[in-house]
Amino acid sequence: VQLQAFGGGLVQAGGFLRLSCTASGVIFKVNGMAWYRQAPGKKRELVARIISGGVTNYADSVKGRFVISRDGAKNTVYLQMNSLRPEDTAVYFCYGDFNSPLGNHYWGQGTQVTVSS
């Protein structure tokens, strides 16, 4: 299974971006998908996740500003990021928990999000 992420870029504070991540390969079941981020010098942290049934969880720092959604037919997860802040600057990684022939846990390549003040 491969995860391909798109949508990062440079935006001014207060702006918005939409990230997408598509999974390809043999997937029997999607248990959940998520977005993590890692800022320079910091640990990777969970931003948002969506699990089977559509239940979502968010980091406190992004609640009310970010929305995670999934298109099951396309095995794609989205992250709509609104009211962006400089502290949102990081490399964003998508993550997938799948039932697949070669394993369960997969990471995308990361996409840079930079928010200028």
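Things worth noting here:
- Springs between Cα atoms under 10 Å define the GNM used for the chain, and in it the highest mean-square fluctuation of ARG49, ARG85, ARG65 occurs at ARG65.
- Rg over Rh [alpha-carbon atoms, Kirkwood Rh] for region 23-84: 1.00
- Accessible area of the chain belonging to carbon and sulfur atoms, whole % at 1.4 Å probe: 51
- Pairwise FRET efficiency - SER116 versus LYS29, Cβ, R0 = 35 Å, nearest 0.05: 0.30
- Rounded D (µm²/s) - the chain, Kirkwood Rh over Cα pairs, Stokes-Einstein at 4 °C, 1.567 mPa s: 91
- Loop chymotrypsin sites (Phe, Trp or Tyr not before Pro), region 1-42, which have at most 15 other Cβ atoms in a 10 Å radius of their Cβ (DSSP): PHE16, PHE28
- Fully extending the segment from SER61 to ARG44, taken as 0.36 nm per residue of separation minus the present Cα-Cα distance, adds 4.7 nm.
- The string of couplings for region 48-65 from the Karplus curve (6.51, -1.76, 1.60, θ = phi - 60°) is 7, 9, 9, 10, 3, x, x, 5, 10, 9, 10, 5, 4, 5, 10, 4, x, 10 Hz, one whole number per residue in order, with x for Gly and Pro.
- Cα centre as origin, Lys/Arg/Asp/Glu Cβ charges: the chain dipole, Debye: 40
The values are calculated or read from the model by the stated rules, or taken from the named source; none is laboratory data. A quick note: this is a predicted structure, and the numbers were derived from the prediction, not measured. Neighbour counts run over all protein chains shown; Cβ positions are idealised from the backbone, glycine included. Side chains are part of the model used for accessible areas, which takes the heavy atoms of the whole protein and leaves out ligands, DNA and RNA. Shrake-Rupley method; radii C 1.70, N 1.55, O 1.52, S 1.80 Å.
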